[in-house]
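Coordinate-derived values only; no laboratory data. Remember, predicted model here, so these are calculated numbers, not experimental data.
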Amino acid sequence: MIGAQQEREGPQRAPQEREGPQRARPPREGTPPGGARRERREHTRAALLQAAQRLWAERGVHGASLDDVAAAAGLTKGAVYSNFTGKTDLLLALLEHYTHARFGTEVHELLHETDQPVAERLRRAGEGYRHRLGTEDARLLALLLVEFWLYGMRDYAAGWRLAEWYEERRGRLARHLPDVDGVPAADRAALAMAMDFGLAAQHLLDPDRVPADLYATGLDLILGPALRQPRSM
């Protein structure tokens, strides 16, 4: 019976022989390629960061919700949560974005351009600091830093994450400093950051009596002994 059935129907073919070679399915219509998706995502993040920067500087962190940020960016609240886990995550991303060069460029050169005398490196750091404080961005960033500090003081979870952010930045600086005169490198890093932010706050309110030139003097007092310490081979 089986043989007769095979004679009537003919030999069975493998599925691949019946259907032919499988072809890759083309991408769905309207789906952007990977590069375009990344570019669009970066554009969305930049728009949200810019909107948050403006609103939080004007109204404070508690005065502008994520709905407000999304609306100011011309986006939906879903766009916020597709890029950030919440307000604290957006706050930290903004803090990192707008302070990356603030306490970084001058100090980086101060630490790594060891072919220059310490006095020259301090002078250049002071010039860069004075230039930054003369821009409108300096005032905006000062407002944001105060708002972020207040937000962290009022919200325990946010405060813990902000403290971790500060600790990470202190660690970046301390890694390049030796312990000198009984002062640990971590303490010098904390003092240098406090001087950087605190001097900016005073200068922006009273530039005549608190000149930005004090920055180089402060760095020399705090980091100078470590910078002049001979490097161990």
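Through the Karplus equation 6.51 cos²θ - 1.76 cosθ + 1.60, θ set to phi - 60°, convert the phi angles of the stretch 56-67 into ³J(HN,Hα) values in whole Hz; use x for Gly and Pro.
6, 5, 7, 10, x, 5, 6, x, 9, 7, 5, 4
Considering amide H positions built from the backbone, and no H for Pro or chain starts, which residues 5 or more places from Val183, or on another chain, come under 5 Å of its amide H?
Residues meeting the criterion, in which the H sits 1.01 Å from N, do not exist here.
Note the full-extension length gain between His62 and Asp213 as 0.36 nm times their separation in residues minus their Cα-Cα distance, in nm to one decimal.
50.9 nm is the gain from fully extending His62 to Asp213.
Just subtract the alpha-carbon distance of His131 and Asp115 from 0.36 nm times their residue separation and send over the number in nm, one decimal.
Stretched fully, the His131-Asp115 segment lengthens by 3.4 nm.
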